[in-house]
């Protein structure tokens, strides 16, 4: 499959690897797209796994609805369920990075029957993140989240001068120039950045979309070079998983784990999948 539909929206998806392999859904974050996994997927295929990597809501050109309510976590998780349904899958292994990791946490809590295993890269469980915001320097690291919720201004600031500010932000986070160029070009597509920022602007709906305990086998990866996410939330995450849980810490890798440590990600995901 190369696309699927939900509620009148069409989502692009890369479906690759052995068609009869255990399915692994790969969920990207901001401001990435499915190519964030392009160096991870081939190694998973070599181990007999099928991968489905969608361009998520706001990133697929035909799935950019207007209005922040369309980007609340209940909607973004429902998109993944629609992907599974379209692929004829009762369940799959879910792997998510950044915002994709938050979707993975929510799926593991709300729909454990559809999740064989969960792998979250970089981001802690949402409840652990909330705790870290008031008990560590996480709020300072997350300064941009408040800015991104302001209407219109972030688009003007980030895209001015051919996306100079967005480029600086991504480079500060440790992303190589080639990938910076690719992601900035995608965000400069008409309406793309506003749609991607919809995920941040939907945060006020979070009280209605609280993520409880996860009850599926969970692998959590975090890297010490992450400029955006502090250790406090990572350490607090285990208490929100009522299932086998394993934390893997990658030394000196920046936030962009799928792009910068693909071999290690593939190795860890493969081993985790095999435990199911």
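The values are calculated or read from the model by the stated rules, or taken from the named source; none is laboratory data. Since the model is a prediction, treat every value here as computed from it, not as a measurement. Backbone-built Cβ (ideal geometry, glycine too); neighbour counts: all protein chains shown.
Quick notes on this structure:
- Among the residues making up the range 226-240, those that are touching a helix residue (DSSP H, G or I) at 6+ places or on another chain (Cβ under 6 Å) and either surrounded by fewer than 23 Cβ atoms within 10 Å (Cβ to Cβ) or farther than 15 Å from residue 125 by Cα (or both) are 228, 230, 232, 236, 240.
- Residue satisfying condition, being surrounded by fewer than 20 Cβ atoms within 10 Å (Cβ to Cβ), modelled with pLDDT of 95 or more and not in a loop (DSSP other than H, G, I, E, B), within set 186, 208: 186
- Condition broken by residue 150, with the remaining ones in (1) in a helix (DSSP H, G or I); (2) free of Cβ contacts under 8 Å to residues at least 40 places away in the same chain; (3) at negative phi satisfied: (1)
- Top-ranked residue in the range 153-173 [being touching a residue at least 60 places away in the same chain (Cβ under 8 Å) and closer than 19 Å to residue 195 by Cβ; ranked as nearest to the chain's Cα centre (by Cα)]: 170
- Just one of the listed residues (223, 194) is farther than 14 Å from residue 29 by Cβ and either in contact with a helix residue (DSSP H, G or I) (Cβ under 7 Å, 6 or more places away or on another chain) or without any contact (Cβ under 8 Å) to a residue 24 or more places away in the chain (or both), namely 194.
- Unmet requirement for residue 60, which otherwise passes all of (1) under 15 Å from residue 196 (Cβ atoms); (2) part of a loop (DSSP other than H, G, I, E, B); (3) touching a helix residue (DSSP H, G or I) at 6+ places or on another chain (Cβ under 8 Å): (3)
- The residues listed here are 3, 19, 38; of these, the one that is under 18 Å from residue 263 (Cα atoms) and either surrounded by fewer than 23 Cβ atoms within 10 Å (Cβ to Cβ) or out of contact with any strand residue (DSSP E or B) (no Cβ under 8 Å at 6 or more places or on another chain) (or both) is 38.
- Verdict on residue 29 being part of a loop (DSSP other than H, G, I, E, B) and touching a strand residue (DSSP E or B) at 6+ places or on another chain (Cβ under 8 Å): yes
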